[in-house]
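Okay, structure first, notes after.
The values are calculated or read from the model by the stated rules, or taken from the named source; none is laboratory data. Quantities reported herein were computed from a predicted structural model and do not represent experimental measurements. Cβ sites come from the backbone with ideal geometry, for glycine too, and all protein chains shown count toward neighbours. Only protein heavy atoms, including side chains, enter the accessible area calculation; ligands, DNA and RNA are left aside. Shrake-Rupley method; radii C 1.70, N 1.55, O 1.52, S 1.80 Å.
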Amino acid sequence: DSREQVIPITEKCDGNIDCQDLSDECNSDCGKDILQNRFLKVLCWVLALLAIVLNLTTIFKTSTDFNDKMSKAALNNKMLILLINIGDLLTGVYLLNIAVMDTIVYGSNYCTEQLEWLTSAHYSLIGVISTVGYQISLVSMTNLGLARLAEIKNGSMISYRVNKRALLSIFLLVTSIVLMSVIIA
């Protein structure tokens, strides 16, 4: 767009900013968005909304199912499943943020505001939310698999009731999973 600066046509839309006014990369031919095609945009909205609604529903349902007659193994499994839901909920929050920023906040102006977005505190925060959610889900699923493997190895579910020591060990497991996820993020 600048009359003061001329570049070869081969440098247009090559991913390198050559023009001071960004017109070699931010134009109708290059079409830069956060999400590059309509399928990804729709998929991001759908997955975000489903993840948030379904995980909130499951978190509510799971959190109301706890009782004092549960075995330690059952309580451990429920807590790990609850953590998986929380991790997946955080991933849904991340996807919703990306969808909103792509379609509502930036839209076709993303290219010219890309540097502002990529260096913003919001961008960093949702990156942390995404990583924490992913790590909580991953570590919880791994622990759930190991717990179920131990149950199979022992022949059946352990049927003793939860005592203070069992509650402390489950609390420490949940705390360590969340803390490790936050540290990684």
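Given the options Gly87, Gly145, Gly133, identify the residue whose Cα lies farthest towards the positive end of the charge dipole of segment 78-185 (+1 on Cβ of Lys, Arg; -1 on Cβ of Asp, Glu).
Ranked along the dipole, the leading option is Gly145.
Of Tyr123, Tyr134, which has the most accessible area and how do the rest follow, probe 1.4 Å?
The most accessible residue leads, giving Tyr134, Tyr123.
Where a Cα-Cα gap under 20 Å defines reach, which lysines qualify for Lys41, not counting those fewer than 8 residues away within the same chain?
Here the lysines satisfying the reach criterion relative to Lys41 are Lys32.
Taking the 0 to 90 degree range and rounding to the nearest ten, how far is the long axis of helix 38-63 tilted relative to the main principal axis of the chain, both from C-alpha atoms?
20 degrees
Express in nm, to one decimal, how much length is gained between Asp18 and Ser71 on full extension, taking 0.36 nm for each residue of separation and deducting their alpha carbon distance.
Here the answer is 12.5 nm.
Solvent-accessible area of Ser124, probe 1.4 Å, all protein chains present, reported in Å² to the nearest ten, please.
Near enough 70 Å² of accessible area.
Starting at 0 and stepping by 5 Å, how many percent of the alpha carbon pairs of segment 18-124 end up in each bin?
Bin by bin from 0 Å, the calculated values are 2, 11, 16, 16, 13, 11, 8, 7, 6, 4, 3, 2, 1, 0.
If the reach is capped at under 25 angstrom between alpha carbons, list the lysines near Lys78, excluding any in the same chain fewer than eight residues apart.
List returned: Lys61, Lys69, Lys153, Lys164.
Leaving out ligands, DNA and RNA but keeping every protein chain, what accessible area does Phe39 have, in Å² rounded to the nearest 10, with a 1.4 Å probe?
140 Å²
Just the C-alpha atoms of the chain: what Rg/Rh do they give, with Rh taken as the Kirkwood radius?
Result: Rg/Rh = 1.19.
Go ahead and run the numbers for FRET between Cys30 and Thr62, Cβ-Cβ distance against an R0 of 35 Å, rounding to 0.05.
0.15
Put a dot 7 Å past each Cα toward the Cβ at Val6 and Met180; how far apart are the dots in nm?
Those two pseudo-labels are separated by 6.2 nm.
Helix 72-100 sits at what angle to the longest principal axis of the chain, using alpha carbons and giving 0 to 90 degrees rounded to 10?
Helix 72-100 sits roughly 10 degrees off the main axis of the chain.
If you check each cysteine of the chain for another cysteine whose beta-carbon is under 4.7 Å away, which ones come up empty?
Those would be Cys19, Cys44, since no other cysteine Cβ in the chain comes under 4.7 Å of theirs.
Given Cα pairs under 8 Å that are at least 6 residues apart, what percent is the relative contact order of segment 59-167?
50 percent
For segment 124-129, what does the Karplus curve 6.51 cos²θ - 1.76 cosθ + 1.60, with θ = phi - 60°, yield as ³J(HN,Hα) per residue in whole Hz, taken in order and with x for Gly and Pro?
For segment 124-129, the Karplus curve yields 5, 4, 6, x, 5, 4 Hz.
So, taking all protein chains as they sit and a 1.4 Å probe, how much accessible area belongs to Val93, in Å² rounded to tens?
50 Å²
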